[in-house]
Amino acid sequence: MSNTKIVKYLSFTASRDRFYHYYFIYAGLRSVTTGLNDGTTLHCWVPKTYDQNKPNLVLLHGFGANAMWQYGELLRHFIPRYNVYVPDLVFFGGSLTKMKERTETFQAKCMKRLMEMHGVEKMSLVGTSYGGFVGYRMAVEYPEEVEKVVLCCAGVCLEEKDLKDGLFKVSNLEEAASILVPQTPNRLRDLTNFSFVKPPIKGLPSYFLSDFINVMCTTYVEEKKELIYAILKDRHLAKLPHITQRTLIIWGDQDQIFPVELGHRLQRHIGESARLVVIGNAGHAVNLEKPKDFIKHLKDFLDEDSAPAAATKSDEPG
């Protein structure tokens, strides 16, 4: 057996990834790769059996390992009641493109075309972090198709000047990109320190961190950095379109990547159709750090009827 095969066989990260793969299959999903005929290939987990009596739910991931790692804990709560779709965004997991576009608008168009090819006409969206940028743009561009929107720690309302004004812990985009697309154990530690109040890898040997990087973070590195640069370029709140869908905004009160001020800013921008929930003692990865609270708020919101929402006060950190 070659050294490469031995390392992969012994890899904790690769083993965990295989576990998620089989778990998604066990949960009732199947892995499908679809070409869009423009040099774009998209991977998505889709229902093995489509139930026309169930609503459709699309889960959009953020930067990190892949869609399976971010949403594996949610499946059992939503598979029984929804047709669940879990796509890999472009340059993550099994999705890629030969196109030069890097904006969240391009990502949104790709996701919409993907859903069309799977026969999905109406859907609700959950977008975590970068996935929230994509989900927000889908809600803007396709208001008839997108019904409800959940945005989790998604700094959609950030502005280019926020970086210069010191809103973020990092001083420039290059530093942000090196943390969000970590290539060394120290940068991966930085990412978890920024993402969690209690980092799960604290004290782990560098070997395990290098293993995670080798398996999850070495593909499309430059392209992912370009996605990050595109988020902030010429971004102004005055140019951000409003959405009208009922929207739930979830934030960790100690988010160090997108500070909670951006959650309040987003609620004000959307207006009375948005409700903000701030979860206490949680960071940017609130869906992973406080899964019970996250799932409760998510289920309560998605299960509500479709009547117009009244304006509500934001929840305070608990």
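The values are calculated or read from the model by the stated rules, or taken from the named source; none is laboratory data. Just so it is clear, the model here is predicted, and its values are computed rather than measured. Positions of Cβ are generated from backbone atoms using ideal geometry, with glycine treated the same way; all protein chains shown enter the neighbour counts.
Tabulated values for the structure
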| read-out | value |
| --- | --- |
| Subset of region 223-242 that is of a type in the set (D, E, K, R) and modelled with pLDDT of 95 or more - its residue that is surrounded by the most Cβ atoms within 10 Å (Cβ to Cβ) | Lys224 |
| Hey, Ser124 farther than 27 Å from Glu222 by Cα and either touching a residue at least 12 places away in the same chain (Cβ under 8 Å) or under 11 Å from the mean Cα position of the chain (by Cα) (or both) or not | yes |
| All positions within region 198-222 that are surrounded by 14 or more Cβ atoms within 10 Å (Cβ to Cβ) and either without any contact (Cβ under 8 Å) to a residue 24 or more places away in the chain or in contact with a strand residue (DSSP E or B) (Cβ under 6 Å, 6 or more places away or on another chain) (or both) | Pro199, Ile201, Leu204 |
| Considering residues of region 188-213 that are closer than 20 Å to His61 by Cβ and among the hydrophobic types (A, V, I, L, M, F, W, C) only, the residue modelled with the lowest pLDDT | Ile201 |
| Index of the failed condition, Arg268 passing every other in (1) more than 16 Å from Pro143 (Cα to Cα); (2) touching a residue at least 40 places away in the same chain (Cβ under 8 Å) | (2) |
| Top-ranked residue of region 283-293 - restricted to ones that are within 14 Å of Pro200 (Cβ to Cβ) and assigned to a helix (DSSP H, G or I), ranked as nearest to the chain's Cα centre (by Cα) | Asn287 |
| Matching residues, region 7-48, being over 29 Å from Phe106 (Cα atoms), polar (S, T, N, Q) and either free of Cβ contacts under 8 Å to residues at least 40 places away in the same chain or assigned to a loop (DSSP other than H, G, I, E, B) (or both) | Ser11, Ser15 |
| Hits in region 245-282 - residues which are among the aromatic types (Phe, Trp, Tyr) and over 19 Å from the mean Cα position of the chain (by Cα) | none |
| Criterion: at negative phi, among the charged types (D, E, K, R) and under 17 Å from the mean Cα position of the chain (by Cα) - qualifying residue of Lys239, Lys224, Lys169, Lys161 | Lys224 |
| Residue satisfying condition, being in contact with a Leu (Cβ under 9 Å, 6 or more places away or on another chain) and either modelled with pLDDT of 90 or more or of a type in the set (D, E, K, R) (or both), within set Pro143, Pro185 | Pro185 |
